[in-house]
1. How far is the Cα center of the range B:3-69 from the Cα center of the range A:29-49, in Å?
2. Would you tell me the mean number of C-beta atoms belonging to other protein chains that fall within 10 Å of each C-beta in B:145-156, as a whole number?
3. In whole Hz, what ³J(HN,Hα) sequence does the range B:258-275 give by Karplus (6.51, -1.76, 1.60; θ = phi - 60°), x for Gly and Pro?
4. How large are Rg and Dmax for the range A:232-280 when calculated on the C-alpha trace, in angstrom?
5. Using Cα pairs under 8 angstrom and six or more residues apart, how large is the relative contact order of the range B:2-170, in percent?
6. Quick one: Cα centre-to-centre distance for the range B:281-359 and the range B:162-200, in angstrom?
7. Restricting the calculation to Cα positions, tell me the Rg (one decimal) and the Dmax (whole number) of the range A:45-115 in Å.
8. Of all beta bridges DSSP finds with both residues in chain B, what is the antiparallel percent, to the nearest 5?
There are 2 protein chains.
Amino acid sequence: MIEVTVALGSRSYPIYIGHGLLSDSALVRQLVPGKQVLVVTNQTVGPLFCQRLINHLTEMSVNVLALPDGEAYKTLGSLELIMTRLLELRYERGCVVFALGGGVIGDLAGFAAACYQRGVDFVQIPTTLLALVDSSVGGKTAVNHPLGKNMIGAFHQPRAVLADLETLASLPVREFRAGTAEIIKYGLIDDLDFFRWLELNLDDLMARTPEALIYAVERSCRNKARVVGQDERESGVRALLNLGHTFGHAIEHAMGYGEWLHGEAVGVGLCMAARMSRDLGMLPVDDCARVIHLIKRAGLPTVRPPHLGIAELLSAMRVDKKNKNGKIRLVLLKGLGEAVLTDTYDESVLHATLADDGR
Amino acid sequence: MIEVTVALGSRSYPIYIGHGLLSDSALVRQLVPGKQVLVVTNQTVGPLFCQRLINHLTEMSVNVLALPDGEAYKTLGSLELIMTRLLELRYERGCVVFALGGGVIGDLAGFAAACYQRGVDFVQIPTTLLALVDSSVGGKTAVNHPLGKNMIGAFHQPRAVLADLETLASLPVREFRAGTAEIIKYGLIDDLDFFRWLELNLDDLMARTPEALIYAVERSCRNKARVVGQDERESGVRALLNLGHTFGHAIEHAMGYGEWLHGEAVGVGLCMAARMSRDLGMLPVDDCARVIHLIKRAGLPTVRPPHLGIAELLSAMRVDKKNKNGKIRLVLLKGLGEAVLTDTYDESVLHATLADDGR
């Protein structure tokens, strides 16, 4: 088992990475600070892993709330359901919420833990590649609003992340591919060695060989943990983790959540950021091609769906937490492994980037 | 103008106390960090003070959201309304929310500010005595859930509190009385001198003479600021500020929110805490009588409504954020000006306290 620490002073916590961690009784038990556990999961993942988890939790109050699967349920309505359950159970401030699932469950259950009685403990138990390498680490929690993704939320760090790679064995291939978008993102932001490693080892990773998988997950988590440790509340460098996400969120928003997976939208978003950086003369043409090629090899889309309008995408991009004084702020690439946040760019290049649907 | 500081390191902020502060253009303008302001208020208070406030805010985006008045609207539904407005306006992370109203508006708008884009600035502009001396200070924000009061919320400190005593001139007498319950509470917790001052000057305070008013508000705010500075997240001494509130919340919950004012329930709660402390042999009989006498002089109820059942009250008390291991934790009095938090008490005395309806 590998342990990566997210260093945040009194809010520091470990990320445990390994195979079969859900079967490690001592490890699971130490994640419960008191005697009350609510496992929040979804109806797809719950039946696969929940029993394995709660088998270890004897002599305490353990309850499970399985919500329908999907981004469409990351809402204030679902938050209220969790609150109702916690209150019906009379769970106290000393309880803990286990978020067992992908990014939707992690964000939603994490936000519920942030708000219940003004904050209780929670543990991230990610079961998708995307959640393992990205959303489970860093304490960002949120639900969506019809007018914008992740617009209602909190910074609330988990007490631990339990990243059991065994849960990935049953992950549908489409979801696995989606997760690689976030992995490639880390290479692009400021880890050129990792990007090169991915170019060399992507086939092994996509085949889910244990060595490639654990290497990619650990390196991603170390990248994320470092950035979060420097800038917990995204007042600076953490914004770079949004590479590909401003474009990606706009696509998701314009298509309606649930059509594409988040990682698929981010995959295209990374390509759009690379193309725009190229067209602004910031990124060499060959490097841009390397980005798009790697995204393509991961089985991800590289161009946006053709039926979306530019106005629609622009409108969605204007509702973004990074924006200041009405200007859309973008994370772009000055090179492979060198992302920058900027709001000074030629707007016509942005429009051309949005217009490009690969035809 | 008096300035009291809530000392919380990087989250420190001033409480400005004085007459006519809403008319102080320079003061109001400095409360806006950027160029976007949403004033959240209610339909009673908004028409009285809103215009005075926003007159100062020129050359920026200022919008007003006036919700219906009352505790019944302190819900997730109202939270969603505020979020919708902020998103429709495309307000950015640099915006500020002004909470103009009593405790309900302060708690609700503060929680909205805590959650919008994972946290934006807000300013408390309390217009009731209760909000001035208690709820506007300390960063507790929340909405109610049908199963429990203030169960969904966050700790989110305002960037300032603007306590204009002029707003109290139009406050209905019943609401003014309700606010004195929290003032008396500070004396009882650990400020015996203040309690004695209240015994001597209560008539002046109830007559709203400017000297008595400003003294009581400042001393209350200093008490609150000191406790919050020691224990922002209520892991220790801050729980003492709940004196009278466990009983009070139970009464409010059992009666249905809105029947009694919060301060009225707290008034009875203080009497119940005093009686229970007396019956446990902790508080001298004469001191208990002084508490009840002062509450009565403030025009507040001193016994619970007769139609509530003990089982109902006990059940409501079990849903309290202070509780640990299923035990109801209570703030009781070891003396005037000496409150203690305890969960070791004779339960039959608790039952007798709940049973006592003054008949």
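1. The two parts, judged by their Cα centres, are 44 Å apart.
2. Taking the mean over all residues of the peptide, I get 5.
3. x, 5, 9, 6, 3, x, 5, 5, 5, x, 4, x, 4, 5, 5, 4, 5, 4
4. Reported Rg and Dmax, both Å: 11.8, 32.
5. 26
6. If you average the Cα positions of each part, the centres end up 20 Å apart.
7. 12.1, 35
8. Counting only bridges with both partners in chain B, antiparallel ones make up about 40 percent.
Every read-out reported here was derived from the displayed coordinates using simple, explicitly stated rules and does not represent laboratory data. For clarity, every value in this text was computed on a predicted model and none was experimentally measured. Note: ideal-geometry Cβ built from the backbone for every residue, glycine included; neighbour counts use all protein chains shown.
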